[in-house]
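Participant: Quick one: structure below, then a few questions.
The values are calculated or read from the model by the stated rules, or taken from the named source; none is laboratory data. Computed from a predicted model, the values in this text were never measured in an experiment. Note: ideal-geometry Cβ built from the backbone for every residue, glycine included; neighbour counts use all protein chains shown. Just the protein is used for accessible areas: all its heavy atoms, side chains included, with ligands, DNA and RNA removed. Shrake-Rupley method; radii C 1.70, N 1.55, O 1.52, S 1.80 Å.
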Amino acid sequence: MTPEEFRRHGYAMVDWLAGYMERVGELPVQSRVDPGWVRGMLPDRAPEEPEKFEAVAADLDRIVVPGLTNWTSPGWFAYFPCTTSGPGMLGELVAAGLDQQGMLWATSPVCTELESVMMDWMVDLLGLPGGWKTTAKGGGVMQQTASDAAHVALVVARDRAQRQGADISRCVAYTSTQAHSSIEKGARVAGYQHIRLVDVDDVYSMDVGRLAAAVADDRDSGLVPTFVCSAVGTTATTAVDPVRTVGELARDEGMWHHVDAAFAGNAMFCEEFRHHQDGLELVDSYTVNPYKWTPMTFDGSLFFVADRAPLIHALSILPEYLRNEASESGQVIDYRDWHVALGRRFRSLKLWFVLRYYGASGVRTRIRAHIGWARDFAARIEEDDRLELVAPVPFSLVCFRHRAGNDATESLANEVNRSGHSFLTRSRVDGMSFLRVSIGQVNTRKEHVERLWRLIDGKALPFA
Ligand SMILES: *Cc1c(COP(=O)(O)O)cnc(C)c1O
């Protein structure tokens, strides 16, 4: 494809995407295709002869659109959002076109340095400790997802414990029963044989007394407490673990303390929510996903460490073919030493575009609006004698149930999702089903939250 042809097809693709953005609110949020439908639309074999690009593009409407779950629909209230925006998409497009491979500083100085600067900007924007900047002792790097960030944190913790003489068969990782499954999975991948899921209190926050008891028990059995993860905003209910008290225990016991703030960490753009993560000076690593709330396109999880030395110690390995003058000078960052993969995408470009296009003030305005709508929504639930909240609403996720029980709650979810214009998901704790209304999609406006409320109000069974 020549530059001239690229220009023509590129304009057509941008037009097509702009059209999708305009009509996404009219498409059903969930795809209506049956399993295997997409496969049935595709030939069994790849084309032997070249096809016209127009023919490929035409199949977007014919095959791709019907199979989409429309995550950018304004009626998206499911899971957590996965956000995108014009500047985010354009950042991805430019990154693809420039085709940078940022494994070393020398293989793309701008990929490395722009990323370091974006991570340092984010330290200030989210009110994180200044020592976490790359200009200080710590540093930040964009991992693919929060799961990758947790995996890396678990590996660094294990490596540090092993250097101090612990055998991997004795290392223990702790998190709460409400932690995201990626913590347990990361621990398994990192080779931990002991993973403790600590009980929570009545607002689903980790019970540090029980954590301390589990740690003491394990010490008595000759095991080595190695890693603990606190959540700032759990996935089920956005519950917040007590970062400071967990941090104090971690410090006293020599455990690595990781904070998973994948979704709720974005709220820290606004100062009034930062009390939820008081105690960050007692944290070794931290992760937040801008693509869950800040309108940066998937992927890219921000991973910060208070001290980059143990991270680089755990992951650095230098084959001869990667040796170069810049690296040996010790003056540059080689991000390949900061994660599992060698190759890396130019992810910071979209974050740079988004932060400049919206400004920090634009991001804050949206986050405050989402949280305000969530509080209004929660107030409606509280006033309704058919429904009840099942957890506090510290951010923009509202968790509630039908007082008549699990069946009524689940049929309410089905009714809402059958509407096609709004989509929410269910969760369950201790055998109790509840609905999650997660507000944060870029296209969602107050009217869409109102429409969801009217739907729930109309469909909820009268409480007998
Ligand atoms: C979404 C989520 C994750 C996993 O996110 P990925 O980036 O998809 O790996 C981890 N922890 C929490 C609290 C989450 O909400």
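Participant: Counting DSSP beta bridges with both partners in the chain, what percentage is antiparallel, nearest 5? Before the final figure, lay out the partial values.
Facilitator: Numbers: 23 of 42 bridges.
Given both bridge residues lie in the chain, the antiparallel proportion sits at roughly 55 percent.
Participant: What nm value, rounded to one decimal, do you get for the distance between His275 and Ala55 when each label is placed 7 Å out toward the C-beta?
Facilitator: About 6.4 nm, to one decimal.
Participant: Using only protein heavy atoms and a 1.4 Å probe, report how much of Ile333 is accessible, in Å² to the nearest 10.
Facilitator: Its heavy atoms expose roughly 30 Å² to the probe.
Participant: Right, here's the next one. So which trypsin sites (Lys or Arg not before Pro) in the range 1-103 pass both tests, a DSSP loop state and at most 16 other Cβ atoms within 10 Å of the Cβ?
Facilitator: Arg32, Arg45, Lys52
Participant: Would you work out which of Pro394, Val156, Gln30 lies farthest towards the positive end of the dipole of the chain? Charges go on Cβ: Lys and Arg +1, Asp and Glu -1.
Facilitator: Gln30
Participant: Report the net charge of residues surrounding Ser221, where surrounding means a beta-carbon distance below 13 angstrom and charges are Lys +1, Arg +1, Asp -1, Glu -1.
Facilitator: Within the 13 Å Cβ shell, the charges total 0.
Participant: Sticking with this one: Which ³J(HN,Hα) values, rounded to whole Hz and listed in residue order, are derived for the range 368-378 from phi using the Karplus coefficients 6.51, -1.76 and 1.60 in 6.51 cos²θ - 1.76 cosθ + 1.60 with θ = phi - 60°, glycine and proline given as x?
Facilitator: After applying 6.51 cos²θ - 1.76 cosθ + 1.60, I find 5, 5, 4, 5, x, 5, 5, 5, 4, 5, 5 Hz.
Participant: Also: Can you work out the FRET efficiency for the pair Glu22 and Ser181, with r the C-beta to C-beta distance and R0 = 30 Å, to the nearest 0.05?
Facilitator: 0.25
Participant: Using label points projected 7 Å from each Cα along Cα→Cβ, tell me how many nm separate Asp407 and Arg364, to one decimal.
Facilitator: A separation of 5.1 nm, rounded to one decimal place.
Participant: With all protein chains present and a 1.4 Å probe, how do Phe80, Phe6 order by accessible area, largest first?
Facilitator: Details: Phe80 15, Phe6 120 Å².
So the residues, ranked largest to smallest area, are Phe6, Phe80.
Participant: What ranking do 371-384, 264-277, 180-193 get when scored by the average of other Cβ atoms within 10 Å per residue, highest first?
Facilitator: Result, highest mean Cβ count within 10 Å first: 264-277, 180-193, 371-384.
Participant: Ok, one more. I'd like the carbon and sulfur percentage of the solvent accessible area for the chain, probe radius 1.4 Å, heavy atoms only, ligands and nucleic acids excluded.
Facilitator: Working: 10930 of 21130 Å².
Ligands and nucleic acids excluded, carbon and sulfur give 52 percent.
Participant: Shifting gears a bit: From Cα pairs below 8 angstrom and at least 6 apart in sequence, can you work out the relative contact order of the chain, rounded to a whole percent?
Facilitator: It comes to 21 percent, rounded to a whole number.
Participant: Another question about this same structure. Tell me the net charge near Asn417. Cut-off is 13 Å between Cβ atoms, Asn417 excluded, with +1 for each Lys or Arg and -1 for each Asp or Glu.
Facilitator: Values: positive: Arg32, Arg418, Arg426, Arg436, Lys459; negative: Glu410, Glu415.
The answer is +3.
Participant: When the helices in the chain are scored as -39500 (n - 2.57) per DSSP H run of 4 or longer and the sum is shared across all residues, what 222 nm value do you end up with, to the nearest 500 deg cm²/dmol?
Facilitator: -13000 deg cm²/dmol
Participant: Once ligands and nucleic acids are excluded and a 1.4 Å probe is used, how much of Met89 is accessible, expressed in Å² to the nearest 10?
Facilitator: Looks like 50 Å² after rounding.
Participant: Rg (Å, one decimal) plus Dmax (Å, integer) for the alpha carbons of the range 356-417?
Facilitator: Gyration radius and largest Cα-Cα distance of the range 356-417: 15.1, 49 Å.
Participant: A further question on this structure: Could you check the simple spin-label distance between Arg32 and Leu389, using points 7 Å along Cα→Cβ, in nm with one decimal?
Facilitator: Going by the 7 Å Cα→Cβ label model, 3.7 nm.
Participant: Cross-link list Lys292/Lys446; Lys185/Lys292; Lys133/Lys446: which exceed 26 angstrom alpha carbon to alpha carbon?
Facilitator: Violating the 26 Å Cα-Cα cut-off are Lys133/Lys446.
Participant: Something else: Using a Förster radius of 41 Å, what is the FRET efficiency between Met432 and Glu4 based on their Cβ-Cβ separation? Nearest 0.05, please.
Facilitator: Between Met432 and Glu4 the formula returns 0.10.
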